[in-house]
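The values are calculated or read from the model by the stated rules, or taken from the named source; none is laboratory data. The shown structure was predicted, so the numbers you read here are calculated from the model rather than taken from an experiment. Backbone-built Cβ (ideal geometry, glycine too); neighbour counts: all protein chains shown.
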Amino acid sequence: MHMTHKGVAHHLLQTGRQTIPRERMAARQTLQHTGAARLSHGGSGAMNHPPFQHKGPHMQSPQPLQDRLAQLRISFCKKLPDRYQGLAQLWDDLSQHESHEALKELHQELHKLAGAGATFGQDQLSAVARRLCDLLQELLQTQRSPSPTQHLLLAQGLKELQPLMHPNPEDT
Amino acid sequence: MSTLKHILLVEDDPDIQEVARMALESLGGFEVALASTGQEALDKFPTLHPDLVLLDVMMPGMNGPTTLARLRQTTTGAQTPVVFMTAKVQPHEVTQYKELGAIDVISKPFDPMTLSSQLLEIWSTLEQRPS
């Protein structure tokens, strides 16, 4: 049985089945091939949307979604240098005046970076951010100041992030 | 069990929020309302009355489990199915989250192309559960 993308989505809604039709698998493979499978923010936060955005009874095919996701990924990558500056500033502040709140803020930023990085296919970036996140989580849980070794590991990790957060525009 | 139509998506990261919203609306055809914090979700919940809440576990301020606990204390949100989203989820954590009252857990990063079908699969299991 051949189904259009709209038909696939409709079928999925009607039956609630987990099966992934061939068409969707092909679409996903195309998406992964273009590096857009896990994809950024178009500047629209919760406050910008009225409750329950309804697209009507006609669902879109995967292609427009893939295109929009690809745009979000480019937007995410373009914002990385600014996000790095923010992290570097937080680290500088922390190095000068250690505080639980600053550690918490750095942890939250790295947590977001790890999550969004993974979503947009930036696996190495996500892995380094996650590693730093875990280290900070440990410090937050024990409420201890970073030991000299931990301090060094954090500094090294942030240094590792720098090139990953200044991608070549052609790579995005 | 009624049809899954209205979803309240609670996610603090604007990038991930946007990806999930687009995926749920475009491929799932769902109506999606957004909240960026647990408190915002609790504030919006009584007027939205969604069929399901898709709730991030780790959020600044009120985290997912606390938001769920508060929701369960309300009359309108006592029974609404909640699905957690979290990174690095371990089997024992899934059990833990289910004990807290979540019906299931979706691991992050999620695949935007299959997020809707994952939710529909979870939704379909509700029919088989004793009420």
Residues in the range B:104-113: is at least one buried (at least 21 other Cβ atoms within 10 Å of the Cβ), in a loop (DSSP other than H, G, I, E, B) and in contact with a Ser or Thr (Cβ under 7 Å, 6 or more places away or on another chain)? yes
Among the residues listed as B:L52, B:L24, B:L48, the single one being facing chain A (nearest Cβ under 8 Å) and under 30 Å from A:Q66 (Cα atoms): B:L48
Just one of the numbered conditions (1) farther than 19 Å from B:K108 by Cα; (2) surrounded by fewer than 22 Cβ atoms within 10 Å (Cβ to Cβ); (3) among the polar types (S, T, N, Q) is not true of B:Q90; which one? (1)
Does any residue of the range B:63-71 turn out to be charged (D, E, K, R) and within 11 Å of chain A (Cβ to nearest Cβ)? no
Residue selected from the range A:144-166 under the condition of a type in the set (S, T, N, Q) and part of a helix (DSSP H, G or I), by the criterion surrounded by the most Cβ atoms within 10 Å (Cβ to Cβ): A:Q150
If you scan the range A:89-147, which residues turn out to be among the basic types (K, R) and within 24 Å of B:M85 (Cα to Cα)? A:K104, A:K112, A:R130, A:R131
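Just one of A:L80, A:L87, A:L106, A:L65 is buried (at least 18 other Cβ atoms within 10 Å of the Cβ) and under 15 Å from A:H151 (Cβ atoms); which is it?
It is A:L106.
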Suppose we filter A:L153, A:L164, A:L136, A:L132 for residues that are within 16 Å of A:Q85 (Cα to Cα) and either touching a helix residue (DSSP H, G or I) at 6+ places or on another chain (Cβ under 7 Å) or charged (D, E, K, R) (or both); which single one remains? A:L164
Single unsatisfied condition, B:D15 versus (1) modelled with pLDDT of 95 or more; (2) touching a Ser or Thr at 6+ places or on another chain (Cβ under 6 Å): (1)
Only one residue in B:V83, B:V32 is out of contact with any Gly (no Cβ under 8 Å at 6 or more places or on another chain) and away from chain A (no Cβ under 13 Å), so which one is that? B:V83
So which of A:Q89, A:Q71, A:Q137, A:Q63 ends up being farther than 30 Å from B:A23 by Cβ, assigned to a helix (DSSP H, G or I) and not aliphatic (A, V, I, L, M)? A:Q89
Which one of the conditions (1) closer than 21 Å to B:M58 by Cβ; (2) within 14 Å of chain A (Cβ to nearest Cβ) does B:Y97 fail to meet, given that it meets all the rest? (2)
